[in-house]
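The values are calculated or read from the model by the stated rules, or taken from the named source; none is laboratory data. Please read these numbers as outputs of a predicted model, since none were measured by experiment. In this analysis, Cβ positions are derived from the backbone assuming ideal geometry, glycine residues included, and neighbour counts consider all displayed protein chains. Each accessible area value is taken on the protein alone, full model and side chains, heavy atoms only, with ligands, DNA and RNA left out. Shrake-Rupley method; radii C 1.70, N 1.55, O 1.52, S 1.80 Å.
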Amino acid sequence: MSSCRPEQNGKVPPHRKGANRRSAESRPIVKSHRFDIQLLRGIAVLLVVAFHAWGGWFPRGFLGVDVFFVVSGFLITGMILRDLESGSFGFRNFYLRRARRLIPASIATLALTTVLALLFLTGSQLREFGAQLLGSILFVANIVLALQSGYFETAAAAKPLLHMWSLSLEEQFYFIAPVLLWITPARFRLPVLVIGLAASLVLCMMLMAGPAWLPTTAAGAQKLAFFMLPARAWELLAGALAAWLMIRRPGLAVPRALKLGALGLVFFVCTMGFHPVHPGIDALVVVVATCALLLGQDDWLPRAAPLRQLARIGDWSYSLYLLHWPLFAVAYVVYGGHPPAAVLAVLASLALILAWAQYTWIEQPLRRPGAAGGFARTALLAGSVATLGAVSVHFMNVRPAVQFASSHGFDQACDQKFSEWQDIPACRSDELPRMAIWGDSYAMHYVPGLADAPIIQMTRSACAPIHGVANVGGEYTRSWAQGCADFNRSVVNALASMPSVEIVLISSPFAQVLKDSGQSLLVDGEVSPWSPVGAARLSATLQELKTAGKRPILIAPTPPAGFDAGVCNERLVENRLSLGRNGCDIDRAEAARRSASVIELLHQAAAMAGAEVLDPATVLCGEAICRTREGASVLYADGGHLTDAGSRFVAEGLGLRRLALD
C-alpha cells in the first residue's frame, strides 16, 4: 500500500507514528482561533440579518451566506487534512466534534421555533412547517424547501425554517468531505479538490443559465442551483483549497493592502452587487475575495474596540443565524407582509440577545467533550430530537380549516412544460370542446368554475398567451422564453384545426409582457430591451383567432391584492393574531391603480381586433372594496389567484358557464 494512502479507519500503524509526529512537529503551528475569521463571521451574519430586516438598504446581504460557505470549507477541510496528515484522524472523533458543535444550538432553536409555530402559524402553514422541521432534523431541509418553493407554494417569508437550507447543505458537506478525503491518497487530494470545485461551478452556472436541453424547466434548474450541494459545493471547496494551501504554506504572507481591498470588495458586493442573478457573478466575486481574506494570518487587522465587538458577534454567529429568521418570519406572518422597520429592529436586537444567551449557556457548555453529565446530555438531545420528529409528523397531517387548492386546472399535467402544446386527454372535459381556456396560471384557475362544461385547457405557467413575444429575466431565461413562444404558436395552430372550439378564453396578468418592469422581451426569436410591442402582438393574436373562425375573449387579471389574501382569510377563520391590516378586503382604488395600464392596453388590443374584454372586478368589487371572501367561501388563494370557490363565483358572475354551455 502506498505511504500516501490513509490507513483503515484513519489509524496509523506503530511504525509510522514517529515519522508522522516528526512531520507534524516540523510544520509551523497554525492558529486554531483567528481574529480575522471571527470578524468575518460577524460581518457575514450581520449582513444576512440586515438583508432579512431591511432588504431595501442591504439588497445583496444574503451573500453573507456565501461567505459562511467559504469559511466553513476552509476550517473543516483544514481540520480534516491536518488530522489525516498527522495520522490522528478518526471518523468517530470528527463526527462527535461536529455534533457537539452544531446539534445543541440547533435543537434549542428548533424547539423555540416549534413553540412560535404553534402560537402563530395557520393550519396550512403548520403542514409545511412540519416538513421543514423534519427536514432540519434529518439534515435535508434544503431538499424539502426546494420541493416547497413551487409557483403556488407559501411565500418564502412565511417559512420559519427557511434559513435551515444552508445549514443542511453544510452538514451534507461535512458527511461527504471526510470520507472523500480519507479514501483519496495524499498526492491526489489537491486534484480532487480542484476537479470537484470546477465541476460544481460549471454545474451551478449551467443550471442558472437554464439551457433548453435540461430535463427540467428553467425555474426548476435554478432551484437546483440554489438549494443543492452539488451546485453549491464549489463555494465550500474554494475554502477547502485555501486550507490546503495554508497547510502547505503556513507562513504565507498576503499584503495588507490586498486584504483590505478584498474586505472592501466583500462589502461592496454584499450591499450593491454587480448582477441580480444568484448564485452567479456576485457569488463568485465574494468567494474569491473571502479566500483572499482567509489566506495568511490575522496580523493585518488592528484590535480596535469596534472590531473586537464584531469578532465577538462572530463568536455568536451560528446562534444568531439560527435564531434571527424564525423571529422575523413570525413577524412577516402576523403582519401579512413586511413588518414595520421598528418591529424588525426590536426583533434584531432580541435575536442578538438570544444568540449571546444560547452561545453562553448552550453552545459552549455542551461542546466541551469533558463536560459533566455526558450520558444525560446525550439522552436529553436524543429525546429532544425524537420529540421534535414526532411533532413534525403530527404537523404534516394537520388539516387546515380553509382548503385552498390553488388550481392547475383539470390536472397538474395541464400546466405544460413542453415547447409544443400536447393534447392530453386529462386536460379536456369533452371530446368535442366548445370552449378553450388558453393562458398561464391565471387561466388555470378558471377551470374549476367551468369543469362541467365542454372545455379544453391549453396552459403553461407564467407564459403570457401572446403569439410571437415572451418575457426574459431572472428565472425566465432566453430558452424558457423561446419555449413559451413556441408553445403559444402551437396553441394558435392547434386551435385553427379544432372546428368544435368556438370560443377561446384568454387569461393572464399580461404584465410580464405589457408592462415595463426592467425585463427584456423575446420577439420573433431575438432578445431586446422591453418595448411596447406586446400590445400590438396581442391584437394580432386576437385577429389570428378570429380569422380561424374563433371568438376570442380576453379576461382581465383579477384585482391585485398586494398581500396574500388567502392566508389573511385563513388567519381570520382560525382566529390567529393579525396586525397591520383591517380585514382582508382589497382597496378598489389601489387595485385599479396597480392594474390600470395593463387593462387599458387589453381594451385597446381588443378594440383593434374586434374582440371582447371581461373584467373580474365587475363581479368582485363594489364602489370602495373588492371582496376576497363571500360568506363562508374564501375566493382568493393568494394575492391574485382564485380558489375553486372563487373560480365558480367569478365564472358564474361573468357568464362564462353560460357561454360554454349555450
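Once ligands and nucleic acids are excluded and a 1.4 Å probe is used, how much of C621 is accessible, expressed in Å² to the nearest 10?
Only protein atoms counted, so the area is about 20 Å².
Roughly how many Å is it from the Cα centre of the range 417-466 to that of the range 38-82, as a whole number?
45 Å
Evaluate the distance, in nm, between pseudo-label points positioned 7 Å from the Cα of R377 and of F175 along their respective Cα→Cβ axes.
For R377 paired with F175, the spin-label model returns 2.4 nm.
If you roll a 1.4 Å probe over the heavy atoms of the protein chains, what accessible area per residue do you get for the chain, in Å²?
It amounts to 42 Å² per residue over the chain.
Quick check: at a probe of 1.4 Å, how many percent of the accessible area of the chain sits on carbon and sulfur atoms?
63 percent
At what distance in angstrom do the alpha carbon centres of the range 520-540 and the range 292-317 lie from each other?
With the range 520-540 and the range 292-317 each reduced to a Cα centre, they are spaced 52 Å.
Across the range 250-384, how large is the tail of the calculated P(r) beyond 17 Å, expressed as a percent of all Cα pairs?
Roughly 75 percent, rounded to a whole number.
Can you tell which of G220, L659, P552 lies farthest toward the positive end of the dipole of the chain, using +1 and -1 charges on the Cβ of basic and acidic side chains (Lys, Arg; Asp, Glu)?
G220
Net charge around L656, counting only other residues with Cβ within less than 15 Å of its Cβ (Lys, Arg = +1; Asp, Glu = -1)?
Charge balance in the 15 Å sphere: -2.
With every protein chain left in place and a probe of 1.4 Å, what is the accessible surface of E652, to the nearest 10 Å²?
110 Å²
Mind jotting down a quarter of the surface of the convex hull over the alpha carbons of the range 122-277, in square nanometres, one decimal?
Average projection, Cα convex hull of the range 122-277: 12.2 nm².
Around C626, what is the net charge, scoring Lys/Arg as +1 and Asp/Glu as -1 over all other residues with Cβ under 14 Å from its Cβ?
Neighbour charge sum, excluding C626 itself: -1.
Using the scaling law 2.2 N^0.38 Å as the reference, what is the normalised Cα Rg of the range 428-470?
Relative to the 2.2 N^0.38 Å estimate, the range 428-470 comes out at 1.19.
Would you work out the Kirkwood radius for the range 554-662? I mean one over the mean of 1/r across all pairs of different Cα atoms, in Å.
Taking the inverse mean of 1/r over all distinct Cα pairs, the range 554-662 comes out at 14.8 Å.
How large is the accessible surface of T547 in square angstrom, using a 1.4 angstrom probe and rounding to the nearest 10?
120 Å²
Using the alpha-carbon atoms, what tilt in degrees (0 to 90, nearest 10) does helix 305-315 show relative to the longest principal axis of the chain?
For helix 305-315, the angle is close to 80 degrees.
Output the peptides 460-469, 421-430 sorted from most to least packed, where packing is the average of other Cβ atoms within 10 Å over each peptide's residues.
Highest mean packing first, the order is 460-469, 421-430.
Determine which aspartates and glutamates satisfy two conditions relative to K546: a Cα distance under 12 Å, and not lying fewer than 8 residues away in the same chain.
Cα-Cα hits under 12 Å: E502, E612.
Report, as a whole number in µm² per second, the diffusion coefficient that Stokes-Einstein gives for the range 500-582 at 10 °C and 1.306 mPa s using the Kirkwood radius over alpha carbon pairs.
97 µm²/s
Find the centroid of the Cα atoms in the range 240-266 and in the range 606-662, then give the distance between the two in whole Å.
One Cα centre to the other: 61 Å.
Students sometimes get this wrong: rank I247, I599 by accessible area, probe 1.4 Å, all chains present, largest first.
If we order I247, I599 from most to least accessible, we get I599, I247.
Counting DSSP beta bridges with both partners in the chain, what percentage is antiparallel, nearest 5?
Approximately 45 percent, going by the DSSP bridge assignments.
How are the alpha carbon pair distances in the chain distributed across 20 Å bins from zero to the largest one, expressed in percent?
Here the calculated profile for the chain is 17, 45, 29, 9, 1.
By how many degrees, 0 to 90 and rounded to 10, does the Cα axis of helix 281-294 deviate from the longest principal axis of the chain?
Helix 281-294 and the main axis of the chain meet at about 10 degrees.
Rounding to the nearest 10 and keeping the result within 0 to 90°, find how far the Cα-based axis of helix 317-335 lies from the longest principal axis of the chain.
Between the helix axis and the principal axis of the chain, the angle is about 20 degrees.
Sorted from largest down, what three extents in whole angstroms do the Cα atoms of the range 59-130 have along their principal axes?
Its Cα atoms span 54, 34, 16 Å along the three principal axes.
Grab the beta carbon distance between S597 and L577, set R0 = 41 Å, and tell me the FRET efficiency rounded to 0.05.
That gives a FRET efficiency of 0.65.
Please give me the summed charge of the neighbours of G468: other residues whose Cβ is under 9 Å from its Cβ, Lys and Arg +1, Asp and Glu -1.
+1
Where a ≥ b ≥ c are the square roots of the eigenvalues of the C-alpha gyration tensor, would you call the range 489-647 rounded, which needs a/c under 1.5, or, failing that, prolate if a/b is larger than b/c, or oblate?
prolate
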